[in-house]
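The values are calculated or read from the model by the stated rules, or taken from the named source; none is laboratory data. Everything quoted here is computed from the prediction, not taken from an experiment. Positions of Cβ are backbone-derived with ideal geometry, glycine not excepted, and every protein chain shown enters the neighbour counts. The accessibility values were calculated without ligands, DNA or RNA, using every heavy atom of the protein model including side chains. Shrake-Rupley method; radii C 1.70, N 1.55, O 1.52, S 1.80 Å.
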Amino acid sequence: MDRWKLGKRHDTGDCSELECKYEKIDEHTYQTVHDHACDGSCDEVNLGASSLGLIVPVISQGNIPLVVVNGEGASMQVQVVSATIENRARKRVLIDRLRGRHNNASEILPYVAISHVWSDGLGNTRSNALPRCQLRRLQDCANSLFPRGDHPVPFWIDTICVPLEQPGRRNAIISMRDVYVRAEKVLVLDSVLSEVSCETYAGDLLMRIRASTWVRRVWTFHECQLAKSLHYQFLERALSLRELQHLQEEQQQATDRKYMQLQTNDANGWSWDPAGYAMNHEYVIRIKNLDPLMSQNCHILEMMEKQRITSITGTADQIDAVKLAHAALHVRWRRTSRRTDETICLAGVMGRRVDDLVALDTNTERMRRLMTTMSGVPSDILFVRLPRIQEDGYRWIPKTFLGERRTLIINPTERAFPTPRGLRCKRPCILFTSMSRLAVHKKLLIGGEERESIFIGLKDHFLPQPYPHPQKSCTWEIYEEPTNAEDGTLHWDDYQCSDIAIVLQETFQRELYKDIPGVLVLLKKRGLAVLHCRYERQIVVRLLPQSPTGPCGITKSELCYPFGKLFYIS
């Protein structure tokens, strides 16, 4: 992929392992680009100007504004049309053509929703406007998706159809889910894809999708999940994943035939051009070796497109937990220029209301509202290594699900329940009272960092049976694996003379050095059947082969509940 040709050089030192500077939008310096075939002299068409009154009135009526382009060059005319639902059961879209402020005609037509990344230059931070060359290109792309349909095909793009001013912008964001659900087709535009020919090897096309900027943005996940039919725009035309799979099969059959021909030539001892044979032989072997990678890419894209979460059945808490686990899995390595957009996309994908979220200013407030209004969440949410909200009562809630580079495993079958008193869950745990003296061990790690840990010894009658152990007891190390700089370093002495507990993701394991994720909580109120506590920080519990040596010794725990204790964690 020639990213230098696109002006995206990553060797300047401004990009990190986690973020690319070209994917972040600076609203003050952002420039809308012209189509590559344009010399840059065409003017912009502003459809959001208040004097025209085209976009905002459509949105205020609860409808979807769409764009239609007729003609080319100086004679090109750009119109706004309004899409409404004629029959909600059948989801038929009624198009009202508008010229200025006057309705002219109504008809049932499909429309195309554009899914793109702003870093490619198709956005506009100053007005709802795009250059004429880009509008013409977008209309051609929309028309090509319906070769036998009525042209021009209306299309929706956020640059034109989402006002910059309130309250029109807020209303447009609230209706964003409907835009992509109702669209007959969703078209993906990405500069990494549009520069490559459809005749290219299918594995290369799939790899480009996997490596594109589009697949790493939060909003595009929202758009992909809601699309009825998703198409990727390449140089000559757009292809769906099914068409890419069909292209893969055709190319694979051609490769197999060529491979068989080369083997036959070898067996018969025929003469051929050595240079041509070497080139063909190397090509066939490379294709054969890349085939598993291509299948993996295809499988991942299928998961991203087809794992819809709108048809899940079960109780309300089961449905919410499965939807959250699915969404968190797919957004963990995505990015957004506006942190506040994350919760809007999550809510849209999970089919939840967003009108109460857009009224809040910060992503922390929005995440708190989203999580506390869910009927159930996976209990694993306590143990994923993500930064947490630091407000009392909500410390169990992650600030964000973005930026988790490691594999994020959230099991929705074990659920917890948000309540006004905190997150209610039942988990295995170890309790320490204020009378328990924490014997702190310090260890110097590679790089000069120091890690504090404590060691506990548990008798076999505390452990799940049968639990064979030669000394009828075993030693566990409890330490912290830092998640971010905000939490600082764990100092066990801060919790001396305090009632604390270690809440575990799973019960104790017999495997040596197997890390069991856990949470350190501060007990606020103890009852016979339930414990009320404050979320402190994430820790790790690990079984050791033998007791540690040294003057500190073993910390004695009060009680162990290997099969679970009921908690309210705030």
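Within region 67-82, take every residue that is surrounded by fewer than 18 Cβ atoms within 10 Å (Cβ to Cβ) and not charged (D, E, K, R) and give me the one that is farthest from PRO154 (Cα to Cα). First the steps, then the outcome.
Just the residues of region 67-82 that are surrounded by fewer than 18 Cβ atoms within 10 Å (Cβ to Cβ), to begin with: 70-77.
From what's left, not charged (D, E, K, R): 70-71, 73-77.
Numbers: ASN70: 11, GLY71: 14, GLY73: 19, ALA74: 20, SER75: 19, MET76: 15, GLN77: 13 Å.
By that ranking, first place goes to ALA74.
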Exercise for review: Go through ALA321, ALA316, ALA327 for me and flag whichever is of a type in the set (Gly, Ala, Ser) and in contact with a Leu (Cβ under 6 Å, 6 or more places away or on another chain).
Suggested key: ALA327
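Can you spot a residue in region 46-66 that is in a strand (DSSP E or B), over 21 Å from ARG177 (Cβ atoms) and either open to solvent by 10 Å² or more (accessible area, probe 1.4 Å) or modelled with pLDDT under 90 (or both)? Show your work before the answer.
In the first step, residues of region 46-66 are kept if they are in a strand (DSSP E or B); the result is 46, 64-66.
Now restrict to residues that are over 21 Å from ARG177 (Cβ atoms): 46.
Then keep just the ones that are either open to solvent by 10 Å² or more (accessible area, probe 1.4 Å) or modelled with pLDDT under 90 (or both); that gives 46.
Checked region 46-66: at least one residue is in a strand (DSSP E or B), over 21 Å from ARG177 (Cβ atoms) and either open to solvent by 10 Å² or more (accessible area, probe 1.4 Å) or modelled with pLDDT under 90 (or both).
Within region 203-215, identify whether any single residue is part of a loop (DSSP other than H, G, I, E, B) and of a type outside the set (S, T, N, Q), and answer yes or no.
Of the residues in region 203-215, the ones part of a loop (DSSP other than H, G, I, E, B) are 212-213.
Narrowing the set further to residues that are of a type outside the set (S, T, N, Q) leaves none.
No, because not a single residue in region 203-215 is part of a loop (DSSP other than H, G, I, E, B) and of a type outside the set (S, T, N, Q).
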Review point. Pick from ASP39, ASP35, ASP96, ASP43: which is open to solvent by less than 40 Å² (accessible area, probe 1.4 Å) and at pLDDT 75 or above?
Key: ASP35
Check your understanding: Residues in region 180-202 that are open to solvent by 10 Å² or more (accessible area, probe 1.4 Å), assigned to a helix (DSSP H, G or I) and farther than 19 Å from ILE64 by Cα: how many?
Key -> 2
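Of these, SER337, SER311, which one is part of a loop (DSSP other than H, G, I, E, B), closer than 27 Å to HIS116 by Cβ and modelled with pLDDT under 90? Working first, answer last.
Details: SER311 fails: closer than 27 Å to HIS116 by Cβ.
Every option except SER337 fails the conditions.
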Point to revise | Search result, residues across region 156-179 that are in contact with a Cys (Cβ under 8 Å, 6 or more places away or on another chain) and not in a helix (DSSP H, G or I) | key: none
